[in-house]
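Since the structure comes first, as structure tokens, the remarks are kept for the end.
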Amino acid sequence: MFSVPQCLGVSFRNVESLTPTITVVAAVVEENDTFLVTRRPDGVHLAGLWEFPGGKIDPAESHADALRREMREELDTDCVAALARLWRA
């Protein structure tokens, strides 16, 4: 009898390398204990759910430039990144 990793031809050590890394930015805007959130449009993955504005970083794009582009695309506004924090999932 074969274990799952042998049947699939991968070991658990290799599973992490099969998962691509996607770098994203998000604007967390808070004022007076109120947060700016946007609703995902109809026809897209997870439509109707609430999220912070942001998205994937294009190749050769800085984090700040990506955030400004996403804010223009989603909210038709410009922004200045005041604080940057990095998290790794």
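For Thr21, the conditions (1) in contact with a Leu (Cβ under 9 Å, 6 or more places away or on another chain); (2) outside any strand (DSSP E or B) all hold with the exception of (1).
Applying the criterion of being of a type in the set (A, V, I, L, M, F, W, C) and closer than 17 Å to Val80 by Cβ to the residues of the range 16-63, the residue that is surrounded by the most Cβ atoms within 10 Å (Cβ to Cβ) is Val25.
If only residues of the range 76-89 that are of a type outside the set (Gly, Ala, Ser), surrounded by fewer than 14 Cβ atoms within 10 Å (Cβ to Cβ) and closer than 11 Å to Ala27 by Cβ are counted, the one that is modelled with the highest pLDDT is Thr77.
Taken over the range 33-80, residues that are touching a Leu at 6+ places or on another chain (Cβ under 8 Å), in a loop (DSSP other than H, G, I, E, B) and of a type outside the set (Lys, Arg) amount to 3.
The values are calculated or read from the model by the stated rules, or taken from the named source; none is laboratory data. Bear in mind the structure is a predicted one, so any value in this text is a computation, not a measurement. With ideal geometry, Cβ positions are generated from the backbone for all residues, glycine too; neighbour counts draw on all protein chains shown.
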